[in-house]
Amino acid sequence: MAAMERLRKKGIKLTPQRLAILEYLEGNTAHPTAEDVHAAVRKRHPTMSHATVYNTLRTLRDHGEVLELTIDPGRKHYDPNTQPHHHIICVGCGSIADVFQDFDVSIPEELDREYEILGSQIEFHGLCRDCRGKTGG
Ligand code: ZN
Ligand code: MN
């Protein structure tokens, strides 16, 4: 696993619990919350604490191995796909999907001079198919 190798090289200790979290996140496209991660890894690691999950997610975020998404105002979500991409959230059920399209976004010239632009993210808000069905839309 590439993330594991990179973390090892940086001297990050990979405990069995951290490995379990990494494995759960690997290739995960569901954008889980910390609670989701905890619920999933606790099945095989019953002693896994909330604190371990939060601390591990923070470590992974700080080392650029996971994106912390703020598209959901209620809870942070985590994404192991650190390639630049955008997201859409369903305002009904909170599900989050990837948007891989490139958008030609530019900012005003004066800001472009003021800042070195490192990236941008577009957040789409909508109602997913399931939620539209529930409301009869
Ligand atoms: Zn929905
Ligand atoms: Mn994503």
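Values quoted throughout were computed directly from the atomic coordinates according to the rules given, and no laboratory measurement underlies them. Small disclaimer: the values here were computed from a predicted structure and weren't measured. Don't worry about glycine lacking a Cβ; one is built from the backbone with ideal geometry, like all the others, and counts go over all protein chains shown.
Could you list, bin by bin from short to long, the percent of Cα-Cα pairs of the chain in 5 Å steps?
Pairs per bin, as whole percents: 2, 9, 17, 17, 17, 14, 11, 7, 4, 1, 0.
Please arrange M4, M48 by how many other C-beta atoms lie within 10 Å of their C-beta, fewest to most.
Sorted ascending by nearby Cβ count, the order is M4, M48.
Would you please name the GluC sites (Glu not before Pro) within region 39-129 that are DSSP coil residues with at most 15 other C-beta atoms within 10 Å of their C-beta?
Of the GluC sites (Glu not before Pro), the ones in loops of region 39-129 whose Cβ has at most 15 other Cβ atoms within 10 Å are E116.
Less than 23 Å apart at the alpha-carbon level, and either on another chain or at least 8 residues along: which lysines does that give for K76?
List returned: K43.
Give me a comma-separated list of calculated 3J(HN,Hα) values for region 74-84, in order, Karplus coefficients 6.51, -1.76, 1.60 applied at θ = phi - 60°, integers in Hz, x for any Gly or Pro.
Working through the residues one at a time gives x, 8, 7, 10, 10, 9, x, 7, 8, 5, x Hz.
Rounded to a whole number, what is D in µm²/s for region 86-135 from Stokes-Einstein with the Kirkwood radius over alpha-carbon pairs (25 °C, 0.890 mPa s)? Intermediate results must be reported in sequence, preceding the final value.
On the way: Rh = 13.1 Å.
Rounded to a whole number, D works out at 188 µm²/s.
For region 27-109, which chymotrypsin sites (Phe, Trp or Tyr not before Pro) pass both filters: DSSP loop (anything but H, G, I, E, B) and at most 10 other C-beta atoms within 10 Å?
Answer by residue number: F100, F103.
Would you mind finding the longest exposed-site-free stretch of the chain, with exposed trypsin sites (Lys or Arg not before Pro) meaning DSSP loop and at most 10 other Cβ atoms within 10 Å?
No qualifying site falls inside 44-137, the longest such stretch.
How big, on average over all directions, is the shadow cast by the Cα convex hull of region 2-79, in nm²?
4.9 nm²
If amide hydrogens are placed 1.01 Å from N in the peptide plane, which non-local residues have theirs closer than 5 Å to the one on L69?
Under 5 Å from the amide H of L69 lie the amide H atoms of H77, Y78, D79, each far enough along the sequence or on another chain.
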